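The block underneath contains the structure these notes are about, expressed in structure tokens.
Computed from the coordinates by the stated procedures, all read-outs in this text should not be read as laboratory data. The shown structure was predicted, so the numbers you read here are calculated from the model rather than taken from an experiment. A quick note on method: Cβ atoms are made from the backbone with ideal geometry, for glycine too, and the neighbour counts reach across all protein chains shown.
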Amino acid sequence: LGGSIARALQQMSNATIIDEKVLSDCLNEISRALLQADVQFKMVREMQLNIKRIVSFDELAAGHNKRRIIQKAIFDELCNMLDPGKPSYTPKKGKTSVVMFVGLQGSGKTTTCTKYAYYHQKKGWKPALVCADTFRAGAFDQLKQNATKAKIPFYGSYMESDPVKIAVEGVERFKKENCDLLIIDTSGRHKQEAALFEEMRQVSEATKPDLVIFVMDSSIGQAAFDQAQAFKQNVPVGAVIVTKMDGHAKGGGALSAVAATKSPIIFIGTGEHMDEFEVFDVKPFVSRLLGMGDWSGFMEKIHEVVPTDQQPELLQKLSEGTFTLRIMYEQFQNILNMGSLGQVFSMIPGFNAEFMPKGREKESQARIKRFMTMMDSMTNEELDSSNPKLFNESRIMRIARGSGRSVGEVIEMLEEYKRLAKLWSKMKGLKIPKKGEMSAL
Ligand code: GDP
Ligand code: MG
């Protein structure tokens, strides 16, 4: 996919004369790639027309960087399509909010409910989970297991078959217990679709949720629009969560879901585990959609931020996929030296929102310095290792003592390392573009 877009832009920039046909050919090629990424036909068509309108032939003919101009136009256009123009309802900590999850069976609702609860719990909320899926056998057990693992209160029943009754009882109970985020998990399958939507309508009318979240599997393809629209027509969907973004799907269906529900995407699911959950960020998502690779922006930043003499070595290590603590240390150093915190790693999906929230650069910087102090107390063996299991209790205690930090802080640093190493490993085998080749998307 990325290949075909890059090729299309390359061909276009090689053409001596840029006329309507050259641009059309290029856009057709890109459209094919977007269709393959499950972007709806109608939206691809719309994008094509918009770009033809935006891109000025004079500018192209004047020999400006043609690829850049088109690339930017496409990128911006897709970003616009992901922006419904108004933010979703945002629950406030300490105030009761009822959030209802809807979506087809298997889309990831139950998993996502827990992730959503866990995410907020870590930030000091008091979430609670209500299982209003009485349709699928084992639904309550699944939620119960998830909730117990995360130590989140839950409500459900093995006996009761009326989802509306359970939803209402659960919400009432947790309101009394002063929980501030009441999350209702619902069923996704019925013998008849009409019955499912009727059930969703009833649960919604009985519990009056402040927010209804539509959960969508990123791999559902062209069906996304109709599916999202069908839910929106029955319940007041106000936000979208796209799951399974860790798979191969590029997630073009997400554009359809935004269009059909006129609601923003708020989170994405990136794995089966509780913490594999990220605040949605438009730009990395669009990069992925375009097959630019999640990493092209990241690479560009490496060229900008990492000192030239360190680049070949770093890129080599990247393509090997091994991430040692020493590499982490060196990258922290680069980030601090450049005073450009957030620049490099903010390009990596998963790193951005959590590690360096916008407007909190000072705190992040302090955190990085703290991490580095602890790493200063590590041995060479430890720094060059890429095996977190090496860090047994006595090593952790030694590092804590040596750096004057707590054991908890050392563990936090190692957790961060593990997280980064996981992201880093995704780059294994990546073909590294040389400087100057970056513009080819
Ligand atoms: P529900 O039927 O909508 O409640 O869906 P579930 O929450 O039961 O999820 C269905 C399957 O998808 C389960 O095996 C989950 O572990 C899996 N799943 C959910 N979200 C993700 C995700 O973000 N990534 C991956 N890889 N799997 C997920
Ligand atoms: Mg479920």
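Rounded to the nearest 0.05, what FRET efficiency do ASP384 and THR148 give with R0 = 56 Å and r taken as the Cβ-Cβ distance? Could you check? Mind dumping the intermediate values first?
On the way: r = 39 Å, r/R0 = 0.70.
My answer for the efficiency is 0.90.
Can you give me the distance in nm between label points at LYS418 and LYS283, each placed 7 Å from the Cα along the Cα-to-Cβ direction?
3.0
For the stretch 362-404, what does the equivalent ellipsoid look like in terms of its semi-axes, each the square root of 5 times an eigenvalue of the Cα gyration tensor, given largest first in whole Å?
Working: eigenvalues 78, 29, 16 Å².
Output for the stretch 362-404: semi-axes of 20, 12, 9 Å.
What length, rounded to one decimal in nm, is gained on full extension from ASP141 through to ASP226, with 0.36 nm per residue of separation minus their alpha-carbon distance?
Details: separation 85, 0.36 × 85 = 30.60 nm, distance 3.07 nm.
Taking 0.36 nm per residue and subtracting the Cα distance, the gain is 27.5 nm.
Could you tell me the calculated FRET efficiency between HIS273 and ASP58, based on Cβ-Cβ distance and R0 = 56 angstrom, to the nearest 0.05?
Numbers: r = 52 Å, r/R0 = 0.93.
Using R0 = 56 Å, I get an efficiency of 0.60.
Treat each spin label as a single point 7 Å out from the Cα along the C-beta direction, and report the LYS42 to SER364 distance in nm.
3.8
Quote to one decimal, in nm, the extra length available between GLN310 and MET159 on full extension: 0.36 nm per residue of separation minus the C-alpha distance between them. The partial results should precede the final answer.
On the way: separation 151, 0.36 × 151 = 54.36 nm, distance 6.35 nm.
Difference between extended and current length: 48.0 nm.
How far apart, in nanometres, would the label points at GLU29 and LYS93 be if each is projected 7 angstrom from Cα along the Cα-to-Cβ direction?
5.0
Holding the Cα-Cα limit at 29 Å, pick out from LYS149/LYS176; LYS244/LYS362; LYS86/LYS418; LYS92/LYS389; LYS115/LYS176; LYS93/LYS208 the pairs that are longer than that.
Working: LYS149/LYS176 23 Å; LYS244/LYS362 33 Å; LYS86/LYS418 36 Å; LYS92/LYS389 39 Å; LYS115/LYS176 23 Å; LYS93/LYS208 19 Å.
Too far apart for the 29 Å limit: LYS244/LYS362; LYS86/LYS418; LYS92/LYS389.
SER377 to LYS176: FRET efficiency via 1/(1 + (r/R0)^6), r the Cβ-Cβ distance, R0 41 Å, to the nearest 0.05? Write down the numbers at each step before the final one.
On the way: r = 49 Å, r/R0 = 1.20.
Computed FRET efficiency for SER377 and LYS176: 0.25.
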